[in-house]
Structures are given as C-alpha cells and as structure tokens.
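Note sheet for the following structure.
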Amino acid sequence: MIYRFYNQDKEYESWCKENQSGFVFNYYGGTLDRADMNKIHKVVCPFLWRKADEGKRTTTYENVCSENLDDLIEFVKNERGSSWSFCKGVYCFGE
C-alpha cells in the first residue's frame, strides 16, 4: 500500500514512527534530470530527520511511503521513469 503526505507533517511523522522498517520517497518532482532530488530512503535514514526540516518535512515536496519496497519502486517508476535514485547514506542503501 502507498501512503502520500503533502502538508501533513504530523501524519507523516506518525506513519514513520509506526513503520520503522518502511520506506520513504522524497517526491521533489521537477524536470526528469533531477534524479538526485527524487530519492527513496529507509524510514530510519538520518537525512529524513534533520533538525532544520522540523515542521516542514512535507511542505517543500511530497513524501510517498510504503512498508513494501517493491510497491514503492513500482509507484516511483510509474511517476518518474528512471529519474530517481536510492539514498546512498550508510543507514539507507549505501554500499
């Protein structure tokens, strides 16, 4: 199942707390050459929880969430084609 959060910080944060093994797609949008801004993260990724973003985690862009990575990837591919990436942070999909 896919959950979409835009201008819904409290609901987004609640979903993340309840789904610690889930995934988040930062849906920046923009042109198709912005794969660097459209990223899939694990819920526990520190980049999602920077202090500077408090109160505006879902206002700059939409966060699309799922407990199932395959479902989220399918959504992302349908929306962005190949113009997206995985977060390479140590707590995400880093090598």
* Structure fact -> Placing +1 on each Lys and Arg Cβ and -1 on each Asp and Glu Cβ in region 3-86, then taking the dipole about the Cα centre, the residue among G55, Y27, S83 whose Cα reaches farthest towards the positive end is G55
* Do any of K10/K56; K51/K77; K10/K51 go past 20 Å between their Cα atoms, and which? -> K51/K77
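Could you order peptides 47-54, 20-27 by the average number of other Cβ atoms within 10 Å of their residues, highest first? Can you show the working numbers first?
Numbers: 47-54: 11.8, 20-27: 19.8.
Peptide ranking by packing, descending: 20-27, 47-54.
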* More than 20 Å apart: what percent of Cα pairs in the chain qualify? -> 28
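None of the figures in this text is laboratory data; all of them are computed from the coordinates on show. Just so it is clear, the structure is predicted and the values come from calculations on it, not from any experiment. Every residue, glycine as well, gets a Cβ built from its backbone with ideal geometry; the counts of neighbours run over all protein chains shown.
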